[in-house]
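Read through the structure below, which is laid out as structure tokens, and then see the notes.
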């Protein structure tokens with residue numbers, strides 16, 4: 001485990017951090033976290049009671065170390081039974097942690113391929129599952145509450161496909177033999193359809209929140225299916241957790257990081273920008289949802305900036321902090337930029353991870369750091385008060401619309417066609433909506449479309465353009481997955497976001513078996529609900545619809561931003 005990290009700060013930032021370190025040492029912050037002292041975050045008894053029910057992640061490495069034999073036995077049994085692929089049907093932490101593990105380690109010889117299904121776009125659903133044999137696929141429905149809309153929609157789709165495939169094969173097997181669930185006990189598991197007919201149900205400790213659940217069944221069940229060494233992963237986590245018991249903040253890897261992140265954010269450096277080695281780059285998306293959802297509330301928060309293209313030091317404003325994640329023995333992922341950024345006065349935090357298996361320790365380090373950053377910012381790092389807003393509006397839209405989802409409803413911004421506007425029309429809209437330069441602003445691209453490498457590349461070019469010409473930090477996320485992560489920050493954090501929402505048409509929509517609406521209608525309602533929620537907070541949003549040729553419309557959008565922002 002690489003417990004230490006290099007922290008490069010200017011004199012003023014270093015002095016403020018030193019004062020906070022002294023305070024945290026005097027007030028025993030490390031001991032208080034490990035003792036579950038909820039007064040670290042709030043003096044309100046009701047808030048403290050809620051926090052007390054969300055600290056089970058501190059026990060996860062030890063608790064699940066006792067489950068390793070059973071988990072590895074489960075993974076081996078699934079492999080022997082002839083399954084070749086597993087599909088994780090989840091959102092937020094339930095999908096991001098398995099994705100980090102699979103992207104980092106791949107699949108061991110003889111074990112299952114792993115796919116993540118966390119988009120309700122009908123084209124994305126089709127691209128993820130339609131080429132699979134339902135009867136050689138293990139379907140994993142992951143939902144802490146048991147009521148999360150997206151995983152249940154995916155389960156309905158999978159169940160219907162399994163039923164049809166079994167009938168066509170003349171098999172007397174039950175669809176539940178191909179499905180497992182990861183959820184909480186009692187009401188949560190009871191809410192999952194067919195829960196008593198599934199091959200296996202994994203019940204997490206209910207005091208582990210979704211975004212702190214990487215080292216619970218949420219991450220470990222998929223890890224067992226790809227043949228990951230669970231002993232090594234959890235040993236790394238346990239070692240890091242032991243280091244985070246250290247009372248001295250200067251020697252505590254999680255506490256010192258959390259103090260630095262919180263204090264820098266209080267000083268206006270709230271755009272936490274990740275620069276990661278490609279081999280572990282997926283960790284940034286997991287950290288993004290952890291930090292954004294945990295700290296973005298009550299008008300404050302840390303804005304994680306993941307996968308923004310690198311720029312020159314002068315392209316970045318005074319609101320940045322840079323975090324570099326690199327593997328020992330590999331080239332500097334910033335190609336020398338870190339030293340230039342530090343020389344230009346930007347705070348730089350550099351981690352060197354000795355071995356990819358130390359990802360287990362990094363899960364713990366960043367969970368501990370995020371909890372302490374919340375304490376520095378004076379907020380409850382474990383609730384998500386604004387997450388339900390967009391969900392409630394989505395439910396009302398779907399209920400009111402029946403089988404048709406409107407493009408706009410009273411009080412909500414309309415969606416405009418990119419092709420109809422053209423470059424000139426878009427340029428005028430962007431100039432009008434983006435307005436004059438404002439320090440501390442960030443631009444968030446919210447793409448309620450099917451993920452693709454072409455879209456990723458287009459967003460990267462657009463983000464670099466906005467950053468270089470306007471000086472704003474940029475984020476990008478696919479809907480509805482970001483609603484379960486950065487969506488909390490968008491509505492509850494500092495009101496400095498400018499939102500570009502992209503939707504698309506659905507020429508090949510997909511029914512949700514047994515449900516009164518389709519996947520296309522669901523994602524459109526989710527986009528509309530989120531837009532209405534942002535507008536209700538007086539946050540600027542521009543809603544645009546892509547036509548059938550996404551590449552052409554994204555190119556039009558890029559030209560319009562270039563014209564609007566000038567040279």
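What follows draws every value from the coordinates through simple rules; no lab data is involved. This is a predicted model, so every value here is computed, not measured. So basically every Cβ, Gly included, is an ideal-geometry build from the backbone, and we count neighbours across all protein chains shown.
Shape index of segment 47-100: Rg/Rh, with Rg the Cα radius of gyration and Rh the Kirkwood radius from the inverse mean 1/r over Cα pairs, equals 1.10.
If you average over every viewing direction, what projected area does the convex hull of the Cα atoms of segment 106-161 give, in nm²? Write down the numbers at each step before the final one.
On the way: hull surface 18.2 nm².
For the Cα atoms of segment 106-161, the hull's average projected area reads 4.6 nm².
If you plug the beta carbon distance of residue 127 and residue 190 into 1/(1 + (r/R0)^6) with R0 = 35 Å, you get a FRET efficiency near 0.60.
For residue 536 and residue 147, a Förster radius of 22 Å and the Cβ-Cβ distance give a FRET efficiency of 0.40, rounded to the nearest 0.05. The residues 505, 269, when put in order of fewest to most other Cβ atoms within 10 Å, stand as 505, 269.
Once the cut-off is 15 Å, how many percent of the Cα-Cα pairs in segment 479-541 end up in the long-distance tail?
Working: 1075 of 1953 pairs.
For segment 479-541, the share of Cα pairs beyond 15 Å comes to 55 percent.
Start at zero, step by 10 Å, and the Cα-Cα distances of segment 255-294 spread as 26, 52, 21, 1 percent across the bins.
When the inverse distances between all different Cα atoms of the chain are averaged and flipped, the Kirkwood radius reads 24.2 angstrom. Once both labels are positioned 7 Å from their Cα atoms along Cα-to-Cβ, the gap between residue 19 and residue 508 label points is 6.1 nm.
Computed on the Cα atoms alone, the convex hull of segment 1-150 gives a volume of 213 cubic angstrom per residue. Kirkwood radius, segment 166-319, all distinct C-alpha pairs, inverse of mean reciprocal distance: 19.3 Å. Here the peptides 48-56, 228-236 are ranked by packing, the mean other Cβ count within 10 Å, and the order with the highest first is 228-236, 48-56.
For segment 387-565, the pair-distance distribution built from all alpha carbon pairs, in bins 5 Å wide starting at 0, is 1, 8, 17, 22, 21, 16, 9, 3, 1, 0 percent.
Extents of segment 302-448, largest first, come to 55, 39, 31 Å (Cα atoms, principal axes, whole angstrom). Between segment 429-464 and segment 241-308, the alpha-carbon centres lie 23 Å apart.
Mind checking the full-extension length gain between residue 454 and residue 343? Use 0.36 nm per residue of separation minus the Cα-Cα distance, one decimal, nm. It would help to have the intermediate numbers written out before the result.
Details: separation 111, 0.36 × 111 = 39.96 nm, distance 3.50 nm.
Length gained, residue 454 through residue 343: 36.5 nm.
Helix-only arithmetic for the chain: the sum of -39500 (n - 2.57) across DSSP H runs with n ≥ 4, divided by the residue total, places the mean residue ellipticity at 222 nm at -14500 deg cm²/dmol. Within segment 14-40, which residues have the backbone N less than 14 Å from the label spot 7 Å out from residue 248 along Cα→beta-carbon, could you tell me? Those under the cut-off are 22, 25-26. Across every direction, the projection of the convex hull enclosing the Cα atoms of segment 459-504 has a mean area of 3.6 nm². For segment 533-553 versus segment 488-522, the inter-centroid distance based on Cα atoms is 10 Å.
Both radii were evaluated on the Cα set of segment 178-263; the Rg over Rh quotient, with Rh as the Kirkwood radius, amounts to 1.11.
Per the Cauchy relation, a quarter of the hull surface: what is the mean projected area of the convex hull of the alpha carbons in segment 332-403, in nm²?
Orientation-averaged projected area of the Cα hull: 9.5 nm².
If I take all pairs of Cα atoms in segment 59-234, what percentage of them are more than 23 Å from each other? Pairs farther apart than 23 Å: 34 percent.
Compute and list, largest first, the equivalent-ellipsoid semi-axes of segment 128-211 from the alpha carbon gyration tensor, each √(5λ) rounded to a whole angstrom. Could the numbers behind the result be given before it?
Values: eigenvalues 122, 33, 20 Å².
Equivalent ellipsoid of segment 128-211: 25, 13, 10 Å, largest first.
The residues 504, 485, 334, when put in order of fewest to most other Cβ atoms within 10 Å, stand as 334, 504, 485. Hydrodynamic radius of segment 62-159 by the Kirkwood approach over all distinct alpha-carbon pairs: 14.3 Å. The length gained by stretching the chain between residue 468 and residue 433 to full extension, at 0.36 nm per residue less their Cα-Cα distance, is 10.7 nm. Length gained on full extension, residue 399 to residue 6: 136.2 nm, using 0.36 nm per residue less the C-alpha separation.
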